[in-house]
Amino acid sequence: MKKLGKQDLLLMYRNLVRTRKFDELNIRMATEGKLLTFYHSCQGHEAIGVGACTGLRKDDYLYPHHRGHGLSYAIAKGVNPRECIAEHLGRATGWGGGITGFHTCVPEFGILGVGATIGSGFVLSVGFALAAKKRGEGQITIMFTGDGGIQRGQFHEAANMASVWKLPVVWVVENNQMAWFTPYRDTSAVEDIATLAASYNMPGEIVDGMDVLAVHTAVQKAVERARSGEGPSLIECKTYRYRSHSEGRPDVSHYLPRSKEEIAKWKERDPVKLFEEKLLKEKVLTKALIQKISQECDAEAEEAETFGFESPFPDPSNLSKMVYAP
Amino acid sequence: MLVKLFIPKLGMTMEKATIAEWRYKDGDTVEKDSTVLVIDTEKVANDIEAPVSGKLVINAAVGDELPCGAIIGYIAETREEYEIAKGGAGAYVSGLQASVAPATEDQKSDQHVAAVEPVLALATVERIKISPLARSVAKQNDIDYAGISGSGPGGRIVKHDIEVAMTRQAAQKPAVMTACPGSRGCGSTSDAAGKPVASIAVASAGDSTSQHEGKRIREVRALKGMRKAISEHMHHSHSISAPISVMFEVDMTEMVKFRNRLLEKWQTEGVRLTYTDIFIMIVAKALKKAPLMNSSLINNEIIIWDDINIGIGASVMLPDGESGLVVPVIRNADKLSLGEISAARKDLTDKARNGTLSMDEMTGGTFTITNTASLSPFWHIQTPIIHQPQAAILGTASIVDRPVVKDGEIVVRPIMPMYLTFDHRIVDGGPTAVFNSLVHGMMSDPDLIFI
Amino acid sequence: MKELSYWNAISEAIAEEMKRDETVFVIGENVQESPFLVTKGLVQQFGPDRVMDAPLSELAIAGATVGAAMAGYRPICDLTFADFIYCAADEVLMKAAQQYFSHNAKVNVPCVFLGVAGAGFGNGPEHSRIPAAMVMNNPGLKLVMPSTPYDAKGLMKAAIRDNNPVCFFFHKKCMPMKQEIPDEEYIIPLGVADVKRVGSDVTVVATSYMVHLALEAAKNLEDIISVEVIDLRSLVPLDIDAIITSVKKTGRVVVVDEDTECCGVAAEIGQQIMERAFDYLDAPVARVCAANMPIAGAAMEKYVIPQLAQVQNAIEAAAGSGFSA
């Protein structure tokens, strides 16, 4: 496993902050009624995407989670997040060309596209991994989903198939303990998702999803296993969703408001703050640098917003030409 | 639904009809397909059947002469619709006032209709079932399709029906030019659905005890329907033409043998070769060589026809016991074999008897043959009347054994008298003699038919 | 020339394409043994890595197909029975059909969903359907339904080379049909209908096995009605021009489709005819489809699936009384 240098750590920190800032931008625009689509905030989840996607090859296939609509994953893989903002504003410069509102698709970074039914990522990533294995160039596939996604049939079919065929795929389940408004504990037969991996004869690991380095380490181990042809892995990142399922919806568990105390308790272990404190302690970061990064990220978000609003809408006359490939 | 009753257009040139009889009273409940009323056209009486069951609304009186398409009443399927129809149309709206051809969209938007039918305009009325293709073909060719019987699914008017109507119209064009009501023959012996008319209206008998100019009257018959058409046509023919009749006899010895030979050799199921069939063939061949006999004088022009379409005068017995006359036409008789002529003649005369001749089977003739053999088995002479607008008509009669002089001896031979009435306006004795000698030659020596 | 059966024509097309393009592979349940024969013998030729017997997991098979296609391969996914497309619906209807469009035409999904389709063997509601209307109703999918061995081979090659997901439903009743197949390579482009019989009075539009019913009906009626039979071969793309050209000639049309009538293939085709050839119609567009009920099995099947007599009656009814013998 490649050891992370100072620059790597700083980049990870910066990407955490960027993710947070861009998430805030999307929330603000959603609140202001500027978004032409809905938004599922990833606050609380940032460490998982950033930790897992740091250090991937550019040609590794990535299938992001719907939280943050792919922000933390794409950012960590090197994609300019202004494409995400433009997409949410329905502009042709968005990463889906302004066609779907939020789907992430940046093929040159290995992001071939996502589906919007949670859990389909399992079977599509089997396909990506199958292609990678056939190609034999050492590509792996990493796919992110939530604790809800694990409950669809696709997981079980994909897990069995990928394990049988030893496909190079890493599945990261971000267990934030809520699927829409229904808590995980009331819908799952098992306490820990990672234990399901044993049923399909693959490693299952539980990771602190608020700790970007812990995520990075666990994922890197699974990626190496995949690259070496040993097959799939399942990583469960324990995390928490700070906000409601999507912007503008009531923040409830079943039908009652979620516990403010519980949210506050998790926020004490905020992934950005946690990593910032660690890097401050290790003298990788300074207060001044933190401020500088914060300002730079604010500026980048501001620039992205301007970029988005100044971008043209897609030409609707092209729509009918996009149903079938030539 | 409120369904219109209107004067159907039963032939391309039919323009009007007279209400002969209502079989029900206003307000009566009528059953679908029952005869609601009888109308008289120029040639025949027609039953109008109820298209649906319901309450009858009568908007035209017996004796009213109305144009095709005129609304003569309604059948209301519900009490409410009956009230609407009565209220909207007034207590009594004469058919003429309410007259409207329901056929085309243009006519539907006609202001006149709107004024007469303020309430009815809101009610649903049955529209003519016609396919989009037939509608567009009709429009392109300026064919009024109201009243055309449909042969498509569910009686829908289809393209073929319009094409038939076009052929009919083309065939009738010269007749229209001479404004000859008889030859236009808009009467039809079939109703709108193509079924034979079940009954023909009989005019009410007059008071048998009454007198006229000192003569006691047995019966008074209205001049109407086919009688009226025949009457008008015969008078018209004599009033516009200069008819002259030529009579001659033919020794039919060889012809009788010829036919008997053919009868032995040629037997087709249901068709028995008649002398008329052979006469048709002979006349068609003679006309080819004497084209002026196959012509019409129309608007100061003598039109010599290329088509040789031979009409056959056929007397028919009408359901009221009276006789009638129809002239079905064998088209392009010169191009048919004897067998084909025979089959066509059989088909047409059967239809004439059954009253199922269509308009296009009764129009378009260029020459007529009338054979009175079956009417009078004895030796007789007649002077046929030209079927306008043709140039001539050939009459044939019974073959009767007669004494004739052959090689200085008096012998008995089967003799048939023949008569040709021709229009001296068009043709003189010379060409007529040529035609007659051709016919005479082939009649007396049938081998010449093939030369 | 050599005589090949319908299934053999399909397997030959797959083999030729696998030889030609190493990104082509077969994935599905029992594809090595191939109960419906169309992939039979391929494993011996191309090995298990390219003829992959998958777990009984339609979602994973279809999803893997879509994923591999997005990642640069040309998988042929054998759904076994076409009915099983319902099991894989999420991946076929939402992912395969829509990925290209929803991602701004950046990533296409070149794959084939193979399914044995249709009734005729009394197999009941879950093994007898041709889910054609559902496929047609999902833009992004193409749909091929060949009626003859020759067509099946040429269309299969076109389907494999197509840059889109193509549902290729082959009919159980056509399986034993044999035909001369040229030795040289040929491809039949998708979306080109074939006039299987020329006529002038009534057009019958059909696909798959229904083409054979239509041809039989046309033959039975040939003394009375001149029937033109158009085999669409593919429903998506739909060769509507061929239909319209024929309808403009005949003025009458019967659409025969083995799928369920309600919101069906025939309804769509009929509507398009109405939109484009209304003024040429001499009779209402008629349709003969499966009854609006699940496909009954065993002896009851024929009461649901279109039968010859129905096709014949519909043609006669469209022709009208002018054509009665």
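Among the residues of the range C:284-291, is any in a helix (DSSP H, G or I), buried (at least 22 other Cβ atoms within 10 Å of the Cβ), modelled with pLDDT of 95 or more and among the aliphatic types (A, V, I, L, M)?
Quick first cut of the range C:284-291, residues in a helix (DSSP H, G or I) only: none.
No, that holds for no residue.
If we keep just the residues of the range A:145-175 that are outside any helix (DSSP H, G or I) and over 20 Å from residue A:115 (Cβ atoms), which is farthest from the chain's Cα centre (by Cα)?
The first filter runs over the range A:145-175 and keeps only residues outside any helix (DSSP H, G or I), leaving A:145-148, A:152, A:165-175.
Applying the additional criterion that residues be over 20 Å from residue A:115 (Cβ atoms) yields A:165-166, A:168, A:175.
On the way: A:165: 26, A:166: 24, A:168: 19, A:175: 12 Å.
Ranking the qualifying residues of the range A:145-175, first place goes to A:165.
Within the range B:347-368, residues that are on the phi < 0 side of the Ramachandran plot reach partners that are outside any loop (DSSP other than H, G, I, E, B) and of a type in the set (Ser, Thr, Tyr) with beta carbons closer than 7 Å, at six or more positions or on different chains, in the pairs B:356/B:190; B:358/B:190; B:360/B:167. Highlighted here are the helices (runs of 4 or more DSSP H) found entirely within the range C:33-134 that include at least 2 residues which are more than 10 Å from chain A (Cβ to nearest Cβ) and either surrounded by 19 or more Cβ atoms within 10 Å (Cβ to Cβ) or modelled with pLDDT under 95 (or both): C:42-46.
Would it be correct to say that residue A:188 is assigned to a loop (DSSP other than H, G, I, E, B) and more than 9 Å from chain C (Cβ to nearest Cβ)? Reasoning before the result, please.
On the way: assigned to a loop (DSSP other than H, G, I, E, B): yes; more than 9 Å from chain C (Cβ to nearest Cβ): yes.
Answer is yes for this residue.
Just one of the listed residues (A:321, A:265, A:283, A:273) is surrounded by fewer than 19 Cβ atoms within 10 Å (Cβ to Cβ), free of Cβ contacts under 8 Å to residues at least 12 places away in the same chain and not in a helix (DSSP H, G or I), namely A:283. The residues on offer are C:206, C:217, and the sole one that is farther than 30 Å from residue C:162 by Cα and outside the structural domain of residue C:153 (by TED's automatic domain parsing) is C:217. Among the criteria (1) modelled with pLDDT of 95 or more; (2) out of contact with any strand residue (DSSP E or B) (no Cβ under 9 Å at 6 or more places or on another chain), the one residue C:278 does not fulfil is (1). In summary, strands (runs of 3 or more DSSP E) completely within the range B:351-451 and bearing 3 or more residues that are within 17 Å of residue B:333 (Cβ to Cβ) occur at B:367-371, B:392-396. Inclusion of residue C:138 among residues that are part of a loop (DSSP other than H, G, I, E, B) and at the interface with chain A (Cβ under 7 Å from one of its Cβ atoms) is not warranted.
Consider the range A:115-144 and keep the residues that are farther than 23 Å from residue A:184 by Cα and in a loop (DSSP other than H, G, I, E, B). The one that is nearest to the other protein chains (Cβ to nearest Cβ) is A:139.
From the list B:76, B:61, exactly one residue is of a type in the set (A, V, I, L, M, F, W, C), modelled with pLDDT of 80 or more, surrounded by fewer than 21 Cβ atoms within 10 Å (Cβ to Cβ) and farther than 21 Å from residue B:148 by Cβ. Which is it? Step through it out loud before you land on a result.
Numbers: B:76 fails: surrounded by fewer than 21 Cβ atoms within 10 Å (Cβ to Cβ).
B:61 is the lone residue from the list that is of a type in the set (A, V, I, L, M, F, W, C), modelled with pLDDT of 80 or more, surrounded by fewer than 21 Cβ atoms within 10 Å (Cβ to Cβ) and farther than 21 Å from residue B:148 by Cβ.
Within 14 Å of chain B (Cβ to nearest Cβ) and surrounded by fewer than 17 Cβ atoms within 10 Å (Cβ to Cβ), is that true of residue C:276?
On the way: within 14 Å of chain B (Cβ to nearest Cβ): yes; surrounded by fewer than 17 Cβ atoms within 10 Å (Cβ to Cβ): yes.
So residue C:276 passes the test.
Of everything in the range A:191-234, what is among the small types (Gly, Ala, Ser) and outside any loop (DSSP other than H, G, I, E, B)? Give them in sequence order. Matches in the range A:191-234: A:194, A:197, A:198, A:199, A:204, A:214, A:218, A:222, A:226, A:233.
Selection of first residues in the range B:13-27 that are touching a residue at least 24 places away in the same chain (Cβ under 8 Å) and on the phi > 0 side of the Ramachandran plot and of second residues that are buried (at least 19 other Cβ atoms within 10 Å of the Cβ) and of a type in the set (Lys, Arg), restricted to Cβ pairs under 8 Å at least 6 apart or on distinct chains, gives the following pairs, ordered by first then second residue: B:27/B:55.
The values are calculated or read from the model by the stated rules, or taken from the named source; none is laboratory data. Quick caveat, the model's predicted, so the values are computed rather than measured. Please note: Cβ atoms are built from the backbone with ideal geometry, for glycine as well, and neighbour counts cover all protein chains shown.
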